[in-house]
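Sharing a structure with you now.
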Amino acid sequence: MSRPSVSRTDFNNVGACPTGLDPRRMPEHIAMIMDGNGRWAEAKGLPRIMGHRAGVEALKRTLRLCSDWGIGALTVYAFSTENWARPGDEVNFLMALFERVLQRELDSLQQEKVRIKFLGDLQVLPSKLQNLISEATALTSENNGIHFNVCTNYGGRRELVFAAQKLAERSAKGDLDPSLIDENVFASELFTAGELDPDLLIRTSGERRISNFLLWQLAYAEIHITDTLWPDFDATALREAIADYQSRHRRFGGLSSIDSCYAES
Ligand code: FPP
C-alpha cells in the first residue's frame, strides 16, 4: 500500500525530535533488518546466543527511541522462513528467547501504549509462543502508541503467495471479481494490511541485501546500511540513519520540485 490510512498524527506521542533532524520530515514507518548478533558475540569470544540476548536490549532501546521521536511504526525482522536452517540449538534458543521476552515485557509494552503484532506464518511456531503472541496482540490491539510489528517465521515471497491464494479463494467463491484486483486490494491481503509502507529500511552489519524482507512494501523505501552490528545499534546510529533518509529527495518514480525547476529552465 503506498500512502494508506494511518498517519503519524493519529498517535498521541508525537515526540521530541533530536537536534539536527527536521521534525517535519521524520519517517513515519521504519523497517529494520537486525543483523550481526552472531558476529558481535564471536568478536567478544562469546557464544552466538549472547549476541541474540544483547540484540533484545538493542531492540528495546530502538523501540523506545522510535516511540519517543514520534515514529508511527517499527517493523523488525526477528526470524525468517530461512532461519530454520540454523543449528537446532540456536533455533530452540531463539524460540525460547521470544517467549521469555514477550512474557517479561508485555506489561511495559502495554503501559507505553505500544500496539504489537506478529507478522508471518505463525501456525508452525511452538504452541506456547503462539499463545503468548495471541495474548499480546489482543491485549495491545486498541493501543494508540507506536505500531510494533515483529516479523516471525516471515518470508516476503511466502507472504505474496499467501495473498495470491486468499484472492484466488475469494474469486473462486464468487466474492471477488478478478478484474477488480488492484494494488490496494492485493495489499489488503498482506500481513501488513492497514499499515503505511516503510519510508526507511535500515540494515545493520554492512550486508547489502533485502533478504526476502517486505518485498512488496519496500518498493519505494529509502535504504540505509550501517556497519554497526545490531547489538551496538543506539541513538547515534538511529539519528544517523534518519539524517541520511532526510538527505534524500524522494520522488516515488516522478519528478521532485528540484528536478522540475531544471526541466523548465
Ligand atoms: C541476526 O543476527 C539476528 C537474528 C536472526 C535474530 C534477531 C532476534 C532478536 C534481536 C531478538 C528479538 C526478540 C524479540 C522478542 C522480537 P545473526 O545471527 O544473523 O548474526 P550474524 O549475521 O552475525 O551471524
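Pairs under 6 Å by beta carbon, first residue closer than 27 Å to ALA237 by Cβ in the range 183-203, partner among the β-branched types (Val, Ile, Thr) and open to solvent by 20 Å² or more (accessible area, probe 1.4 Å), six or more apart or different chains?
That search, which allows pairs on different chains as well, returns LEU196/VAL6; LEU201/ILE223; ARG203/ILE225.
In the range 70-85, what residues are in contact with a helix residue (DSSP H, G or I) (Cβ under 8 Å, 6 or more places away or on another chain) and open to solvent by 10 Å² or more (accessible area, probe 1.4 Å)?
Selection gives ALA78, THR81, ASN83, TRP84.
Another question, if that's okay. Please enumerate the residues belonging to the range 180-205 that are in a loop (DSSP other than H, G, I, E, B), open to solvent by 50 Å² or more (accessible area, probe 1.4 Å) and either of a type outside the set (Val, Ile, Thr) or within 16 Å of the ligand (Cβ to nearest atom) (or both).
Of everything in the range 180-205, those that are in a loop (DSSP other than H, G, I, E, B), open to solvent by 50 Å² or more (accessible area, probe 1.4 Å) and either of a type outside the set (Val, Ile, Thr) or within 16 Å of the ligand (Cβ to nearest atom) (or both) turn out to be ASP182, SER188, PHE191.
Only one of (1) surrounded by 21 or more Cβ atoms within 10 Å (Cβ to Cβ); (2) of a type in the set (A, V, I, L, M); (3) over 15 Å from the mean Cα position of the chain (by Cα) is not met by LEU255, so which one is it?
It fails just one condition, (1).
Under 7 Å between Cβ atoms, which residue pairs at least 6 apart in sequence (or on different chains) link something in the range 144-158 that is more than 10 Å from the ligand (Cβ to nearest atom) with a partner that is open to solvent by less than 10 Å² (accessible area, probe 1.4 Å) and aromatic (Phe, Trp, Tyr)?
From the range 144-158, the pairs are ASN153/PHE79; GLY156/PHE213.
From the set of residues in the range 94-143 that are among the small types (Gly, Ala, Ser) and within 14 Å of the ligand (Cβ to nearest atom), which is farthest from THR75 (Cα to Cα)?
ALA96
Test LYS117 against the criterion of being open to solvent by 10 Å² or more (accessible area, probe 1.4 Å) and farther than 16 Å from GLN217 by Cβ, and give yes or no.
No, not satisfied.
The values are calculated or read from the model by the stated rules, or taken from the named source; none is laboratory data. None of these values were measured; they are calculated from a predicted model. Note: ideal-geometry Cβ built from the backbone for every residue, glycine included; neighbour counts use all protein chains shown. Heads up: the accessible areas ignore ligands, DNA and RNA and are worked out on the full protein's heavy atoms, side chains in. Shrake-Rupley method; radii C 1.70, N 1.55, O 1.52, S 1.80 Å.
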